[in-house]
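Laboratory data are not the source of any read-out in this text; all were calculated from the coordinates shown. Because the structure is predicted, anything quoted here is derived from the model rather than measured. Cβ coordinates were reconstructed from backbone atoms using ideal geometry, including for glycine residues, and neighbour counts include every protein chain displayed.
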Amino acid sequence: MCAPTATVWHNDGKGEQTIEENIKGMEGQIDAIESMRYDITRQLSRPGDVLQQHVVHVTTKNGMRGQVHAAVYFRFEDDLITRIEEYSNFIPSDGGV
């Protein structure tokens, strides 16, 4: 779904990434995750743009639980994603996810 030249930016201070770099980063985290659930809270779209807010509920294999609150912007050209901007914040949970 992504154009070969698509870029990804996160509010982690690391700058822009290619899609391949972003996927490698996610692959490095996947082994630690026991379960993950996305709840979309809002999605706005117009031709060429989508803005989505969601909460990702995460449980790791070592028992850590938390939520990632995120707002993600997607830009499309010719039905392919050309830009992703993600603003997120992890909030640990004391109770269930």
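Placing pseudo-labels 7 Å out from each Cα toward the beta carbon at Gln53 and Phe90 gives an inter-label distance of 2.3 nm.
So what is the 222 nm mean residue ellipticity for the chain from helices alone, if each DSSP H run of at least 4 adds -39500 (n - 2.57) and you divide by all residues, rounding to the nearest 500 deg cm²/dmol?
Counting only the DSSP helices, I get -4000 deg cm²/dmol.
Scan (1) 23, 13, 12; (2) 35, 22, 10; (3) 26, 16, 11 for the value of semi-axes √(5λ) of the Cα gyration tensor in Å calculated from this model and give just the label. Matching entry in (1) 23, 13, 12; (2) 35, 22, 10; (3) 26, 16, 11: (3).
A simple charge model with +1 on the Cβ of Lys and Arg, -1 on the Cβ of Asp and Glu and nothing else charged puts the dipole of the stretch 2-92 at about 380 debye relative to its Cα centre.
By how many degrees, 0 to 90 and rounded to 10, does the Cα axis of helix 19-30 deviate from the longest principal axis of the chain? It is inclined by approximately 10 degrees.
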